[in-house]
Amino acid sequence: MNSSEGKLKSSSSELDLDRPNIEDYLPSGSSIQEPHGKLRLRDLLDISPALTEAAGAIVDDSFTRCFKSNPPEPWNWNVYLFPLWCCGVVFRYLILFPMRALVLTIGWIIFLSCFIPVHFLLKGNDNLRKKMERALVELICSFFVASWTGVVKYHGPRPSMRPKQVFVANHTSMIDFIILEQMTAFAVIMQKHPGWVGLLQSTILESVGCIWFNRSEAKDREIVTRKLREHSQGADNNPLLIFPEGTCVNNQYSVMFKKGAFELGCTVCPIAIKYNKIFVDAFWNSRKQSFTMHLLQLMTSWAVVCDVWYLEPQNLRPGETPIEFAER
């Protein structure tokens with residue numbers, strides 16, 4: 001009995017060491033006597049690490065995880081699968097990638113050989129020129145999708161050209177626009193980019209009525225709003241496409257839609273794009289990776305697999321504000 005009692009005492013003492021001492025968290029008698037309005041620097045420094053850790057956990061859980069790419073768990077690090085993985089790398093980089101680069105090069109040759117004469121020789125016939133340019137933009141986007149071995153399934157009725165309607169979609173990468181554009185020549189609202197992407201924006205994509213903006217220019221907001229209203233009222237204009245999240249999200253979450261697309265007085269047609277990450281993660285983090293490297297990543301993967309849903313059109317309800325409409 002004495003030995004068992006000794007064990008119980010020792011175990012209880014070990015538990016007491018792990019158990020927090022409540023008295024340590026209670027104010028001492030001297031601190032209680034101090035006036036409530038007096039805050040000591042020592043107390044503030046004592047609680048600042050805990051507050052920092054708590055705030056970091058809240059931010060990480062609620063918002064920043066929407067912009068993090070979750071790499072897949074490694075599956076190839078064993079004796080049996082590693083040789084197969086090496087063979088796959090050789091096949092993707094030395095066989096698939098050159099074939100895809102050739103397909104994309106042929107696509108650009110066909111596109112430019114047709115687009116340049118159409119753009120400059122048919123200026124007197126705007127309707128025919130716009131129709132052919134629209135078809136050529138859809139063609140080059142199809143070549144881009146083919147260069148990733150894209151497997152895209154479209155669900156729902158194909159968008160049509162109608163006045164007073166705007167399409168909104170979730171945003172994972174700039175390839176969202178390419179995947180949607182190969183089916184329908186949208187006029188997209190997009191940030192102005194530098195480099196070769198900016199050159200395409202200012203030349204080829206201008207032909208389908210795309211609208212560009214610069215985040216650093218304060219006046220661009222008013223100009224873009226005016227252009228949106230004018231474009232949405234035209235019956236012959238290409239369907240208007242907006243990514244109301246305003247940034248690329250990792251396709252696992254969706255952040256709050258900005259209200260700009262929902263205060264135009266138009267019918268809003270939602271589009272949902274969902275990528276299958278079994279072969280490649282299509283999320284583009286523009287702060288860590290250029291779009292050129294992002295395309296190379298897609299072209300050296302096995303395939304880009306995704307589903308596109310054209311959802312039921314929505315209208316502003318009586319008494320509903322644009323912010324409530326965006327939230328809905």
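Within the stretch 297-328, how many residues turn out to be of a type in the set (Val, Ile, Thr) and more than 30 Å from residue 90 (Cβ to Cβ)?
First pass over the stretch 297-328, keeping only residues of a type in the set (Val, Ile, Thr): 300, 304-305, 308, 321, 323.
With the extra rule that they be more than 30 Å from residue 90 (Cβ to Cβ), the set shrinks to 308, 321, 323.
Residues that pass the stated criteria total 3.
Do we have residue 102 as closer than 20 Å to residue 297 by Cβ, among the hydrophobic types (A, V, I, L, M, F, W, C) and loosely packed, with under 12 Cβ neighbours inside 10 Å here? I'd like the intermediate steps shown before the answer.
Details: closer than 20 Å to residue 297 by Cβ: yes; among the hydrophobic types (A, V, I, L, M, F, W, C): yes; loosely packed, with under 12 Cβ neighbours inside 10 Å: yes.
When the stated conditions are applied, residue 102 passes them.
Of 61, 46, which residue is at negative phi, surrounded by 10 or more Cβ atoms within 10 Å (Cβ to Cβ), modelled with pLDDT under 70 and among the acidic types (Asp, Glu)? Even if it seems obvious, please write down each step before you answer.
Values: 61 fails: surrounded by 10 or more Cβ atoms within 10 Å (Cβ to Cβ).
Of the residues listed, the single one that is at negative phi, surrounded by 10 or more Cβ atoms within 10 Å (Cβ to Cβ), modelled with pLDDT under 70 and among the acidic types (Asp, Glu) is 46.
What's the number of the condition residue 309 fails, among (1) among the aromatic types (Phe, Trp, Tyr); (2) touching a residue at least 60 places away in the same chain (Cβ under 8 Å); (3) farther than 28 Å from residue 157 by Cα?
Exception for residue 309: condition (3).
Which residues, counting only those in the stretch 129-141, are within 28 Å of residue 294 (Cα to Cα) and surrounded by 18 or more Cβ atoms within 10 Å (Cβ to Cβ)? Steps first, answer last, please.
Narrowing the stretch 129-141 to residues within 28 Å of residue 294 (Cα to Cα): 133-141.
Listed by number, the residues that qualify are 133, 134, 136, 137, 140, 141.
Go over the candidates 237, 250 one by one and state the one that is open to solvent by less than 20 Å² (accessible area, probe 1.4 Å), assigned to a loop (DSSP other than H, G, I, E, B) and in contact with a helix residue (DSSP H, G or I) (Cβ under 9 Å, 6 or more places away or on another chain).
Within the list 237, 250, the selection yields 250.
Looking at 172, 184, which is the one that is without any contact (Cβ under 8 Å) to a residue 60 or more places away in the chain, part of a loop (DSSP other than H, G, I, E, B) and open to solvent by less than 50 Å² (accessible area, probe 1.4 Å)?
Numbers: 172 fails: without any contact (Cβ under 8 Å) to a residue 60 or more places away in the chain.
Every option except 184 fails the conditions.
The values are calculated or read from the model by the stated rules, or taken from the named source; none is laboratory data. Everything numeric in this text was worked out from a predicted model, so none of it was measured. Using ideal geometry, Cβ is built from the backbone for each residue, glycine included, and neighbour counts are taken over all protein chains shown. Just the protein is used for accessible areas: all its heavy atoms, side chains included, with ligands, DNA and RNA removed. Shrake-Rupley method; radii C 1.70, N 1.55, O 1.52, S 1.80 Å.
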